[in-house]
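This report refers to the structure that appears directly beneath it.
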Amino acid sequence: MKIETGRGYIPLITLLGIWSISALNALPGLAVSPILGELQKIFPHATELDIQMLSSLPSLMIIPFVLLSGKLTERIDNIRLLQIGLVIFVLSGVLYLMSDKMWQLIAISALLGVGSGLIIPLSTGLIGRFFVGRYRTKQFGLSSAITNLTLVIATIITGYLAEVEWHLPFIVYLFPIISIVLSFQLRKALSQEPEPSTHDKQTDNGLRPHVQVGDNGIAMHHLVEVMLFYGLVTYLVVIVSLNLPFLIEERGMNAGLSGTYISLFFLAIMAPGFMLNRFIDAWGRATQLWCMLMIVVGLGLVVVTSNVWLVGLGCVLAGVGYGIIQPIMYDRTTHIVLPHKSTLALACVMAMNYVAILACPFIVKFFKLIMHDTSELFAFQLNTFLAALTLLVAFIYRKSALFDN
């Protein structure tokens with residue numbers, strides 16, 4: 001079976017190889033989540049900082065290695081870099097299964113972040129290499145959907161495995177073995193792809209109108225805009241997964257709703273990726289505006305009501321809005337750089353996802369101290385206000401290169 005790319009066809013097995021890499025983006029730190037509550041019993045001498053490091057260290061390590069990977073793609077063979085990252089990923093999974101001390105788990109978490117950071121930019125970079133036009137946009141949507149679908153499925157799997165034995169959730173870190181096998185097919189497919197000519201590298205191949213790149217092949221002003229907007233939107237919606245359980249507890253609602261709401265949120269992020277072009281066709285130049293409006297309404301519902309159904313609807317709206325914006329920002333990035341710089345630029349944008357996740361608790365705590373508000377509701381009030389402000393700015397600059405489709 002052949003898959004159309006916009007300039008030819010590639011075998012389905014090649015696309016499966018790309019999708020398998022996208023699936024891995026959701027895994028770092030995931031296996032630790034279901035056993036966090038038990039770690040204090042398993043390791044009675046572990047401090048609270050030790051336990052926090054297990055869940056946050058992979059994301060912290062991912063940030064510099066995502067950027068390093070993006071830069072290395074210009075210098076070394078991309079598939080070799082991918083295979084190195086995948087081997088490190090699998091090695092961390094094996095070591096997790098063998099570890100029995102807290103310091104070992106922490107060290108392996110850092111190693112996991114290194115391996116993951118090396119492969120993350122390649123999941124989108126390979127899409128940019130093989131696909132063009134609407135076909136590229138569609139694949140960015142599917143890549144985002146696969147990442148979030150994997151997150152939902154793997155969360156369920158690790159939860160069940162954790163009930164059997166605390167080591168077992170780390171089995172999910174062996175999934176990259178599949179990608180290692182498929183990487184050889186990717187190498188074969190890339191060897192058949194013509195390298196961009198010198199002329200291609202010096203022309204506006206795919207650049208948006210009025211976008212001028214610098215000598216480094218990147219329109220830096222536009223890239224910074226995309227990075228800041230993507231990082232801001234990620235920060236706005238990640239509050240659902242990080243703070244909603246605490247708000248539910250504060251309101252005296254059924255604690256079991258937390259898992260349901262967060263699952264709905266991630267499913268809502270996933271779903272638009274399977275039909276991204278339809279949303280863009282329907283909403284056209286106002287796509288980002290509609291998405292921001294959904295995020296504002298979604299977060300606003302969580303703020304103003306404790307109704308079980310309306311809070312769930314709020315989670316869905318925020319998730320759908322973000323699920324559309326995410327792949328659009330990836331696609332937008334490929335249109336503000338020359339082709340040979342797309343993986344590096346995508347690495348910069350994708351790093352903002354992890355920066356936002358790590359920064360979110362600190363930002364909320366900072367504003368809580370300023371406003372002298374200790375309630376869990378404050379985080380949602382703050383982010384609803386910031387989302388509304390972002391929507392206003394997006395409306396004012398709706399014809400800019402960042403917001404105009």
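Just want to confirm a number: the relative contact order over the chain, from Cα pairs under 8 angstrom separated by 6+ residues, in percent.
Values: 624 pairs, mean separation 96.5, N = 405.
Dividing the mean separation by the residue count of the chain yields 24 percent.
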Ignoring trypsin sites (Lys or Arg not before Pro) buried by more than 10 other Cβ within 10 Å or outside DSSP loops, the longest site-free run in the chain is 102-398
For Cα extents along the principal axes in Å the list reads (i) 69, 59, 43; (ii) 62, 53, 38; (iii) 73, 60, 59; the calculated value is entry (ii)
In nanometres, the difference between 0.36 nm per residue of separation and the alpha-carbon distance of Leu232 and Ser33 is 69.2 nm
Two pseudo-spin positions, 7 Å from Cα along C-beta at Phe367 and at Glu250, lie apart in nanometres by 1.2
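With the Cα gyration tensor of the range 220-396 in hand, give its eigenvalues times 5 under a square root as the equivalent ellipsoid semi-axes, listed largest first in whole angstrom.
On the way: eigenvalues 160, 68, 40 Å².
Semi-axes, largest first: 28, 18, 14 Å.
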So Ser375 and Met275, fully extended at 0.36 nm per residue minus their Cα-Cα distance, gain in nm 32.2 nm
Which of Ser306, Ser109, Ser191 fluctuates most in a GNM of the chain (C-alpha springs under 10 Å)? That residue is Ser191
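Using only the Cα atoms, work out Rg/Rh for the range 224-310, with Rh taken as the Kirkwood radius, to two decimals.
On the way: Rg = 14.7 Å, Rh = 14.6 Å.
Result: Rg/Rh = 1.01.
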In whole angstrom, the spacing between the Cα centers of the range 324-358 and the range 1-42 equals 18
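All of the numbers you see were taken from the coordinates with simple rules; none came from a lab. Computed from a predicted model, the values in this text were never measured in an experiment. Reconstructed Cβ throughout: ideal geometry from the backbone, glycine too, with neighbour counts over all protein chains shown.
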